[in-house]
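Written out below as structure tokens is the structure these notes cover.
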Amino acid sequence: AQRVTQPEKLLSVFKGAPVELKCNYSYSGSPELFWYVQYSRQRLQLLLRHISRESIKGFTADLNKGETSFHLKKPFAQEEDSAMYYCAPRGNEKLTFGTGTRLTIIP
Amino acid sequence: DVKVTQSSRYLVKRTGEKVFLECVQDMDHENMFWYRQDPGLGLRLIYFSYDVKMKEKGDIPEGYSVSREKKERFSLILESASTNQTSMYLCASSSPRGRPLGANVLTFGAGSRLTVL
């Protein structure tokens, strides 16, 4: 069965400290992987996707096929990073979301 | 600049009522989805549609049905609302795999918060 696990429901980090939001997946084949973010009172939106290999708002995510992980990282947290983050693998047209991690940046 | 519009932002209904949640997208996307979002459970897929008049069950279809008569519109129907269907409902759309520039990326609506009393 296809599964995605975000082990931390809540994560608090001091401003300026590094951030890592964990995501592990169990998928057959080669899924495409995404991180979506929802800021307070805003719509859920794409943050980044692994095939783009890009950095968005200072965040990067490396796909580790050996560990089946797709952790989201940022070297220096900013207050505006406080939000709900969802990891989402996609095996076909259907996207499966993790349970999400609420990130709070402490000033 | 709104691309996915959900008709109702907040609804309050009584147990047993029939509920319609409407979603319209203006991006000519083939794929449309309905999710429910609950704290601690994340987003769970209810139904999705690849094309007009086509629908596929997601992970939690029980108690729901959908309608897609036009490409731009995807409706979620609760035939007989129950209290455990109190939730935030999110509609999303995307273009299919294989199309460039944003293929597979979901664009979400603002959500419809349904309370069933």
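The values are calculated or read from the model by the stated rules, or taken from the named source; none is laboratory data. Everything numeric here is computed off the predicted structure, so don't read it as measured data. In this analysis, Cβ positions are derived from the backbone assuming ideal geometry, glycine residues included, and neighbour counts consider all displayed protein chains. Side chains are part of the model used for accessible areas, which takes the heavy atoms of the whole protein and leaves out ligands, DNA and RNA. Shrake-Rupley method; radii C 1.70, N 1.55, O 1.52, S 1.80 Å.
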Completion exercise
Log entry, pair A-B: total buried accessible area, probe 1.4 Å, protein chains only, in Å² rounded to 100, is 1900 Å²
Practice task
Have a look at the DSSP beta bridges in the protein assembly as shown and tell me what percent are antiparallel, nearest 5.
Solution key: 85 percent
Fill in the blank from the handout: Taking N as the residue count of chain B, its alpha carbon Rg divided by 2.2 N^0.38 Å gives 1.02
Problem - Total formal charge among the other residues, if their Cβ is under 13 angstrom from that of A:K22, Lys/Arg +1 and Asp/Glu -1 - result: -2
Fill in the blank from the handout: Given backbone amide H placed at 1.01 Å from N, residues whose amide H is under 5 Å from that of A:A17, ignoring those fewer than 5 places away on the same chain, are A:A77
Handout entry: Charge tally in the Cβ shell below 12 Å around B:M88, where Lys, Arg are +1 and Asp, Glu are -1, B:M88 excluded
Key = +4
Handout entry: Charge sum, other residues only, whose C-beta stays under 14 Å from B:L11's C-beta, Lys/Arg counted +1 and Asp/Glu -1
Key = +4
Fill in the blank from the handout: For segment B:81-95, in residue order, the Karplus 3J(HN,Hα) values (coefficients 6.51, -1.76, 1.60; θ = phi - 60°; whole Hz; Gly and Pro = x) are 4, 10, 4, 6, 9, 5, 5, 9, 10, 10, 9, 8, 9, 7, 9
Practice task
Roll a 1.4 Å probe over the protein chains and send me the accessible area per residue for the protein assembly as shown in Å².
Solution key: 50 Å²
Problem - For segment A:19-26, Karplus couplings with θ = phi - 60° (6.51, -1.76, 1.60), whole Hz, Gly/Pro x - result: 10, 9, 9, 8, 8, 10, 10, 10
Practice task
Output the antiparallel fraction of DSSP beta bridges having both residues in chain A, as a percent to the nearest 5.
Solution key: 85 percent
Handout entry: Calculated SAXS-style log₁₀ I(q)/I(0) at q = 0.09, 0.10, 0.11, 0.14 Å⁻¹ - the protein assembly as shown, Debye, Cα scatterers
Key = -0.37, -0.45, -0.55, -0.88
Completion exercise
Bounding extents of segment A:3-106 in its principal axis frame from Cα atoms, largest first in Å, are 39, 28, 24
Handout entry: Share, in percent, of DSSP beta bridges within segment B:1-69 that are antiparallel, nearest 5
Key = 100 percent
Practice task
Could you tell me which of the pairs A:K9/A:K73; A:K22/A:K57; A:K65/B:K57; B:K13/B:K57; B:K3/B:K57; A:K57/A:K94 are separated by over 20 angstrom between their Cα atoms in the structure shown?
Solution key: A:K65/B:K57; B:K13/B:K57; B:K3/B:K57; A:K57/A:K94
Problem - Of all accessible heavy-atom area on the protein assembly as shown, the percent that carbon and sulfur account for (1.4 Å) - result: 50 percent
